[in-house]
Amino acid sequence: MGSSPPDVGSPSLILTRPTPAERTKVWTMTHPKWGAALTLDDYLGREVYLTTVPLAKDGGLTQWILTDSTFPPDQRPILSSCESLRKRALSASSSSSGELIEGIAHGIASVFTDPQYRGRGYASRMMRELGKVLRRWQVKDKNDQQSETSSDASGPESLFSVLYSDIGKTFYARNGWAPHASSHVQFAPVHGASSGLEPQNGYRTTSQNVAKPIGYHELAELCSVDERLLRETLKHRVTQEGKKNAAAILPDLDSLLWHLMREDYMTKHIFGQTPAVKGAVWGEEKGKRMWAVWTRGYYGGLEKIEGNTLHILRFVVEDEGAEVECLREGFRSIVQIAQAEAAEWRSQDVQMWNPTPLTKKLVEGCGLEYEFVERDKESIASLMWYGEGQSEEVDWVANEKYGWC
């Protein structure tokens, strides 16, 4: 671009969607930051592939750029960029006696500003505009007409949007996304931990309390149960616990598959094969089971294990009224399988985000070494609420890794 970049307040700046060539340009710029575990060609291939998986296809994924409208497409500067991913969501409020509202939430990811344009306020301008656009993006108006800001009207209303800040809490809060709980418990990888029968710290897991690995085939049924339980939890939060507003991204099959298919692409290109174990379940009787679904994330690849993490996407206890003592052995066995998988697949640690009070009790009594971490800079869960009330006051239920994008 021959002239100086426009002022951040210029009326010529617009938030729009990139052309295919501009999209490739954005991905090429972000490769050094987020794709170091892959070659550029493989990284570009992954980004294209991720537009075809269930959650993202058919308009589920939208890419955005802030640019100067005085230039024609493919010649205009890409001043800042990001993408949004549409997800099924629920909310409940005390004002409606806990009635559940079916809607969508948009997860925002890959916020990036070309280094040559940094320090000019472009990212802030983009985010301010995006927050307003997503309130009406891909919804229908009261007359069942497609919104002016929509390209693929989905029907349900937009309840909120979320993002995960890697630059602390201030920047996105200033632009409307209030920080929420951002902590995790982490376990070290342990080769052979999944035997589940060796005593550790005085504990011995009996054969009856050994969890079983799960793969793709078990996920549909488990997700269906999880969704039902989460609906009950939301209603309980506002009718019994006094919350004004409660909200959640649904941990449905498409949301989990987005992570798992992303993982498969990465491991195929890094290791030449994909992992069969996608989680673990303990217990045979429906209604009394406990399970975890996980994914492996790679930023270091094989050369640098730092940055490689096995993330527990979602942890579920079907009967949360069960005695903690009855659950601890099963919990320990699930974690041991995760530890063994982390060791086999070159992960630095195992992380479980924002454990519930029950999960914390299980962690503290499971007999395994662990560390609780309060995050103050990276992966800060942040939410912009589109209903009545303040964003920071919303009870974000199941604020776990599956909601990340």
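What to note about this one:
- The chain, helix-only ellipticity at 222 nm - DSSP H runs n ≥ 4, -39,500 (n - 2.57), divided by all residues, nearest 500: -9000 deg cm²/dmol
- Prolate/oblate/rounded call for segment 287-381, Cα gyration tensor, a/c under 1.5 rounded: prolate
- Cut-off 9 Å between beta-carbons: net charge of the residues surrounding ARG296, Lys and Arg +1, Asp and Glu -1: -1
- Partners for LYS25 among aspartates and glutamates (Cα-Cα distance below 18 Å; same-chain residues under 8 apart left out): ASP41, ASP42, GLU47, ASP68, ASP74, GLU83, ASP114
- Around the amide H of GLY98, modelled in the peptide plane, lie the amide H atoms of SER93, all under 5 Å away and 5 or more residues distant in sequence or on another chain.
- Expressed as a whole percent, the accessible surface of segment 37-143 that belongs to carbon and sulfur atoms is 47, based on a 1.4 Å probe.
- Think of each Lys and Arg Cβ as +1 and each Asp and Glu Cβ as -1; about the Cα centre, that makes the dipole of segment 345-405 roughly 300 debye.
- Accessible surface area normalised per residue over the chain is 45 Å², counting heavy atoms of protein chains with a 1.4 Å rolling probe.
- Folded to 0 to 90 degrees: helix 122-134 orientation relative to the chain principal axis, Cα: 70 degrees
- Solvent-accessible surface (1.4 angstrom probe) belonging to SER94, in square angstrom, nearest 10: 60 Å²
- Ranking ILE312, SER4, MET29 by Cα position along the charge dipole of the chain, where only Lys, Arg, Asp and Glu carry charges on their C-beta atoms, puts SER4 farthest toward the positive end.
- Principal-axis tilt of helix 20-34 within the chain, Cα atoms, nearest 10 degrees: 50 degrees
- Candidate aspartates and glutamates - alpha carbon under 14 Å from LYS244, same-chain residues fewer than 8 apart omitted: GLU99, GLU388, GLU392, GLU393, ASP395
- Under the convention that each Lys and Arg Cβ holds +1 and each Asp and Glu Cβ holds -1, the size of the dipole of the chain around its Cα centre is about 720 debye.
- Greater than 24 Å apart at Cα, pairs in LYS87/LYS235; LYS33/LYS377; LYS169/LYS268; LYS87/LYS304; LYS169/LYS401; LYS212/LYS286: LYS169/LYS268; LYS87/LYS304
- Electrostatic dipole magnitude of segment 1-45 [Cβ: Lys, Arg +1; Asp, Glu -1; Cα centre; debye, to 20]: 80 debye
- Toward the positive end of the charge dipole of the chain, with +1 on the Cβ of Lys and Arg and -1 on the Cβ of Asp and Glu, the farthest Cα among ALA193, CYS405, GLY176 is that of GLY176.
- Around LYS25: net Lys/Arg minus Asp/Glu count, Cβ-Cβ under 10 Å: -2
- Tensor-based shape of segment 1-127 (alpha-carbon gyration tensor, a/c under 1.5 rounded, otherwise prolate or oblate): oblate
- Within segment 280-405, percent of DSSP bridges classed antiparallel, to nearest 5: 75 percent
- Near ARG76: Cβ cut-off under 10 Å, other residues only, Lys/Arg at +1 and Asp/Glu at -1. The net charge is -3.
- Rounded to whole numbers, the Karplus 3J(HN,Hα) couplings from phi for segment 218-230 are 7, 5, 4, 5, 5, 5, 5, 5, 4, 4, 4, 5, 5 Hz, using 6.51 cos²θ - 1.76 cosθ + 1.60 with θ = phi - 60°, and x at Gly and Pro.
The values are calculated or read from the model by the stated rules, or taken from the named source; none is laboratory data. What you see is a predicted model; the values in this text were computed from it and never measured. Every residue, glycine among them, receives a Cβ derived from its backbone with ideal geometry; neighbour counts consider all protein chains shown. All accessible areas refer to the heavy atoms of the entire protein, side chains included, with ligands and DNA or RNA removed. Shrake-Rupley method; radii C 1.70, N 1.55, O 1.52, S 1.80 Å.
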